[in-house]
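Let me begin by presenting the structure, written as structure tokens, before commenting on it.
The values are calculated or read from the model by the stated rules, or taken from the named source; none is laboratory data. The structure displayed is predicted, hence computed values, not measured ones. Here Cβ is always computed from backbone atoms with ideal geometry, including for glycine, and neighbour counts include all displayed protein chains.
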Amino acid sequence: MATGARMTVPGLRWTHVCGRANFDACFHTFRSLALPPEYELKAFLEAPEMAAEYLRARLVVGRSGAGTLSELAAYRLPAVLVPFPAAFGRHQLHNAKEFEAMGAAVVVDQADLSPASLERAILDLLARDFSAAEAELARWDLPDATERILGLIEQAAAER
């Protein structure tokens, strides 16, 4: 696939959430590349918008913090994960490797991230059968985690 065509794979729609602090720089690049209408740049998504995007998504490209991975598991979405290299104790790398071991992710080190490496990872994910990964994500997802933790805290307090 030619470099200029990377963002125009038929049937792929892109929503790039770059963060408010990065929006101006990303928007400048976005305009200079003259990307197709299937590529949408947003500074931020409120919860209902984020939920709608997850429901439409076939896969996600993102970091691998606990919040993101919880959302991916809840929506049973495969991902290309790019762990934040400065995260304390490299916890994002460890998180990402767990999802990769489940077959739910491809991990790309930020130092190795390029249009070509991202394209390879996306195409790899799109070519996979995700039934086993979806089952693993369902097992990993604990919608009642807060209640479980609260129960453990209450139990520990009662034992004092």
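For segment 122-133, does any single residue satisfy the condition of being assigned to a helix (DSSP H, G or I), surrounded by 17 or more Cβ atoms within 10 Å (Cβ to Cβ), modelled with pLDDT under 95 and under 12 Å from the mean Cα position of the chain (by Cα)? Break it down stepwise before answering.
We begin by selecting, within segment 122-133, every residue assigned to a helix (DSSP H, G or I); these are 122-126, 131-133.
From what is left, the residues that are surrounded by 17 or more Cβ atoms within 10 Å (Cβ to Cβ) are 122, 125, 133.
Within this subset, residues satisfying the condition of being modelled with pLDDT under 95 are 122, 125, 133.
Applying the additional criterion that residues be under 12 Å from the mean Cα position of the chain (by Cα) yields 122.
Looking for residues that are assigned to a helix (DSSP H, G or I), surrounded by 17 or more Cβ atoms within 10 Å (Cβ to Cβ), modelled with pLDDT under 95 and under 12 Å from the mean Cα position of the chain (by Cα), one finds at least one in segment 122-133, hence yes.
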Checklist entry - Going by the conditions given, is Asp144 under 30 Å from Leu33 (Cα atoms), among the acidic types (Asp, Glu) and modelled with pLDDT of 90 or more? => result no
Checklist entry - If we scan segment 25-44, do we find a residue that is acidic (Asp, Glu) and modelled with pLDDT of 95 or more? => result no
Next on the checklist: Filter segment 13-65 down to the residues that are of a type in the set (A, V, I, L, M) and within 17 Å of Ile122 (Cβ to Cβ) and list them by number.
Outcome noted: Val17, Leu35, Ala57, Leu59, Val60, Val61
Item to check | Residues of segment 27-76 that turn out to be surrounded by fewer than 14 Cβ atoms within 10 Å (Cβ to Cβ) and aromatic (Phe, Trp, Tyr), as a count | outcome: 2
Checklist entry - Across segment 134-160, what is the total count of residues that are surrounded by 11 or more Cβ atoms within 10 Å (Cβ to Cβ) and touching a helix residue (DSSP H, G or I) at 6+ places or on another chain (Cβ under 9 Å)? => result 6
